[in-house]
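Scroll down for the structure; my scribbles are underneath it.
The values are calculated or read from the model by the stated rules, or taken from the named source; none is laboratory data. Note that the structure is a prediction, hence the values are computed from the model and not measured. Methodologically, a virtual Cβ is constructed for each residue, glycine included, from the backbone with ideal geometry; neighbour enumeration extends over all protein chains shown.
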There are 2 protein chains.
Amino acid sequence: MAPAFEAHQSQGPPPQVGEQVAASQNNLHFSNHESKVTVVGSGNWGSVAAKLIASNTLRLTSFHDEVRMWVFEEILPSGEKLTDVINSTNENVKYLPGIKLGKNVVADPDLENAGITKDANMLVFVTPHQFMEGICKKLVGKIKGDVEAISLIKGMEVKMEGPCMISTLISQQLGISCCVLMGANIANEIAVEKFSEATVGYRENRESAEKWVQLFSTPYFLVTAVQDVEGVELCGTLKNVVALAAGFVDGLEMGNNTKAAIMRIGLREMKAFSKLLFSSVKDTTFFESCGVADLITTCLGGRNRKVAEAFAKNGGKRSFDELEAEMLQGQKLQGVSTAREVYEVLSHHGWLELFPLFATVHEICIGRLPPSAIVEHSERKPRLSLVDGSI
Amino acid sequence: MAPAFEAHQSQGPPPQVGEQVAASQNNLHFSNHESKVTVVGSGNWGSVAAKLIASNTLRLTSFHDEVRMWVFEEILPSGEKLTDVINSTNENVKYLPGIKLGKNVVADPDLENAGITKDANMLVFVTPHQFMEGICKKLVGKIKGDVEAISLIKGMEVKMEGPCMISTLISQQLGISCCVLMGANIANEIAVEKFSEATVGYRENRESAEKWVQLFSTPYFLVTAVQDVEGVELCGTLKNVVALAAGFVDGLEMGNNTKAAIMRIGLREMKAFSKLLFSSVKDTTFFESCGVADLITTCLGGRNRKVAEAFAKNGGKRSFDELEAEMLQGQKLQGVSTAREVYEVLSHHGWLELFPLFATVHEICIGRLPPSAIVEHSERKPRLSLVDGSI
């Protein structure tokens, strides 16, 4: 059956980010029906998200122009506060230097007193995943009743009772619904307005998903929504494990065939793992930007791939901790901790044999297997899949 | 539901290719029940295919040891015939130098008198696609009744009545069933036994598919079969069009996000195009080696990508013909002709609007649009897919 297509309509003129005239014209749009957006987080990706959003709140009448951005306050080498500099220059000089965020982005350090959330009815969470539990605890009881949330955070918490997705953590702790946005999104490329895509995952509320799509979409950033919050979120989390595998292959100089095969096996394990954990996960989600495209970006560039390549080049003799410290200027690798968390889940359920690539990545990371095991072990694919049995 | 898995069993000791002792021991296995294999073609990929097959016919009792390989006879600069040199050195010195094919590979130039096919009951077709119609005409009536075929050929013939897949051409002209084998298969990497994968597509006969899987599988070359001959074959054909798009993005230095997005949009169009042409095509096929993995390999390396990159770097001012002649030493780009053929199909059915990436690639190739159009035009995705409407 031929699918029903429609030509994609223009989304209007490009947003006039940072132009005073546009901002003041749009201030006239303020009414009580407008949604107020707060971005919780202001790192590299958080700043780019604020820029995307701020261009749209100026342009669209259904959003209040001002975008509040929570900034973990820091004193810069100049002695100035980071928030003051952001607010006077419209630039996150520490995490996204050289890019204007838009005059309607207001940096605010006040998480404690919930100054950042008291008026907001749309919350965008984009912090390192290990901070989320603490942030939620501070926000409990201090947000409006009709708030909707979206998480741009990659990673999951593994607890005794099983893995907990960040969107679930937010929903449970704050009692609000939470979508996710994932995709092939290297922040610095989107900051300079290079074309890319993203996927919004939603649970039930399609109207809410459409609002998030509106808030993030620009002519150079195409957003699609799918009803599969866990599938989208697990893509964003698990791809970092596959990126480590791809990095090992690069370090061992095994060529493009092998790398493509390992990426494909990784995608298969991402899909199988997600579907075993959540029966609602859809195959089609893996064809979206959050799936195959993000996997490609992460396995071509990305710091997980890069450090894993160095790890394999050194024959596993220098630890990830050591290489991280040397190569990443204080940033931590998400993939290594995710690989450990995934391993714990697999081990707990007796699934290690079913996921040779995921299991092997962790065992290489902790030095139990040599980097070359990534190919030898990933080959042990389920025999049934030789003819038509693949998941 | 948890899928039924089984650990992958070892396939026995690695084949003893080219060792006299193994060959003579195995000659004892000859009986009338053994399948005799002929490889029709002896280029780079054909020679590697012969090597893979020859290692298995020695090892497996259900196949006759000898693998006959049709060689288009050439006189080498030394004055010797190519077939003589292959047969005396076990090496295709022209198209796969430095690699031993196995002593049980016999080069044979006799297509005219069907010397190569008279005893064969398994035919492997691996020639440039434009030669297939002529080859089939020569073989009509000169093959055994119980012959099975497999095509490793990428490309399709566009005729007045619509596109004709190569496997269909073989089936129709020779009155035999024909499987296909596609995947992330850079011949030179497989020749040196680097790990890779492939997909066999079959129509109905699962037993025949299992035989082809056996014939090609080695510990470093994993083959999976799926019941979707058109899906597998179209993947192998259409990925070259996407590789041109990826090459344009590389030439314009647009970054990994954009490249991943374009590859994803390309994969989506591959899937949509295949399903519109053949309703039997399965979504899962695109997760196999022939789908996402081959797409990745082809868009990372590969000559289509490379020449398209040069084309974009020159702002489209030097034609593909000119760049091909300069960069490919006489080889032709499959992608450019496939893009034209796909465009004809789209145009004929009134589908141009539905496939902005495929259409734009052809229009860039013929100089109607600048290379930068690849991003501007591919963005025009069907509006319905913004929320859940993707195919």
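Residue-wise test of (1) in contact with a Pro (Cβ under 6 Å, 6 or more places away or on another chain); (2) of a type in the set (D, E, K, R); (3) over 19 Å from residue A:295 (Cβ atoms).
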position: B:207; (1), (2), (3): no, yes, yes
position: B:220; (1), (2), (3): no, no, yes
position: B:228; (1), (2), (3): no, yes, yes
position: B:236; (1), (2), (3): no, no, yes
position: B:271; (1), (2), (3): no, yes, no
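Could you tell me which of the residues A:242, A:192, A:180 is under 29 Å from residue A:95 (Cα atoms), surrounded by fewer than 20 Cβ atoms within 10 Å (Cβ to Cβ) and of a type in the set (A, V, I, L, M)?
On the way: A:242 fails: surrounded by fewer than 20 Cβ atoms within 10 Å (Cβ to Cβ); A:180 fails: surrounded by fewer than 20 Cβ atoms within 10 Å (Cβ to Cβ).
Checking each option against the conditions leaves just A:192.
Which one of the conditions (1) modelled with pLDDT under 95; (2) within 11 Å of chain A (Cβ to nearest Cβ); (3) in contact with a helix residue (DSSP H, G or I) (Cβ under 8 Å, 6 or more places away or on another chain) does residue B:249 fail to meet, given that it meets all the rest?
Of everything listed in (1) modelled with pLDDT under 95; (2) within 11 Å of chain A (Cβ to nearest Cβ); (3) in contact with a helix residue (DSSP H, G or I) (Cβ under 8 Å, 6 or more places away or on another chain), residue B:249 misses just condition (1).
Just name the residue that is surrounded by the most Cβ atoms within 10 Å (Cβ to Cβ) out of those in region B:136-159 that are over 19 Å from the mean Cα position of the chain (by Cα) and of a type outside the set (A, V, I, L, M).
First, the residues of region B:136-159 that are over 19 Å from the mean Cα position of the chain (by Cα): B:137-147, B:159.
Narrowing the set further to residues that are of a type outside the set (A, V, I, L, M) leaves B:137-138, B:141-142, B:144-146, B:159.
Numbers: B:137: 10, B:138: 13, B:141: 8, B:142: 15, B:144: 13, B:145: 7, B:146: 9, B:159: 9.
Across region B:136-159, the extreme among qualifying residues is B:142.
Name every residue in region B:306-319 that is hydrophobic (A, V, I, L, M, F, W, C) and within 22 Å of the chain's Cα centre (by Cα), in order of residue number.
In the first step, residues of region B:306-319 are kept if they are hydrophobic (A, V, I, L, M, F, W, C); the result is B:307-308, B:310-312.
Those that are hydrophobic (A, V, I, L, M, F, W, C) and within 22 Å of the chain's Cα centre (by Cα): B:307, B:308.
Where the second residue is crowded, with 23+ Cβ neighbours inside 10 Å and among the hydroxyl-bearing types (Ser, Thr, Tyr) and the first is under 16 Å from residue B:245 (Cβ atoms) and more than 8 Å from chain A (Cβ to nearest Cβ) and lies in region B:281-304, which pairs have Cβ atoms under 7 Å and are six or more apart or on separate chains?
B:304/B:298
Would you point out the residue of region B:147-162, among those that are under 18 Å from residue B:341 (Cβ atoms) and outside any loop (DSSP other than H, G, I, E, B), that is modelled with the highest pLDDT?
So the residue we want is B:151.
Please report, ordered by residue number, the helices (runs of 4 or more DSSP H) entirely within region B:163-235 with at least 1 residues that are within 11 Å of another protein chain (Cβ to nearest Cβ) and among the β-branched types (Val, Ile, Thr). Talk me through it step by step, then tell me what you get.
Details: elements: B:166-174, B:187-191, B:206-216.
Helices (runs of 4 or more DSSP H) meeting the threshold: B:187-191, B:206-216.
Being touching a Gly at 6+ places or on another chain (Cβ under 6 Å) and either within 14 Å of another protein chain (Cβ to nearest Cβ) or within 25 Å of residue B:289 (Cβ to Cβ) (or both), is that true of even one residue in region B:136-159? Talk me through it step by step, then tell me what you get.
Taking region B:136-159 first, the residues touching a Gly at 6+ places or on another chain (Cβ under 6 Å) are B:154.
Imposing the further condition that a residue be either within 14 Å of another protein chain (Cβ to nearest Cβ) or within 25 Å of residue B:289 (Cβ to Cβ) (or both) reduces the set to B:154.
Yes, because at least one residue in region B:136-159 is touching a Gly at 6+ places or on another chain (Cβ under 6 Å) and either within 14 Å of another protein chain (Cβ to nearest Cβ) or within 25 Å of residue B:289 (Cβ to Cβ) (or both).
Of all the strands (runs of 3 or more DSSP E) wholly in region B:30-135, which have at least 2 residues that are crowded, with 18+ Cβ neighbours inside 10 Å and more than 23 Å from the chain's Cα centre (by Cα)?
Details: elements: B:35-40, B:63-70, B:105-108, B:122-125.
Output list reads B:63-70.
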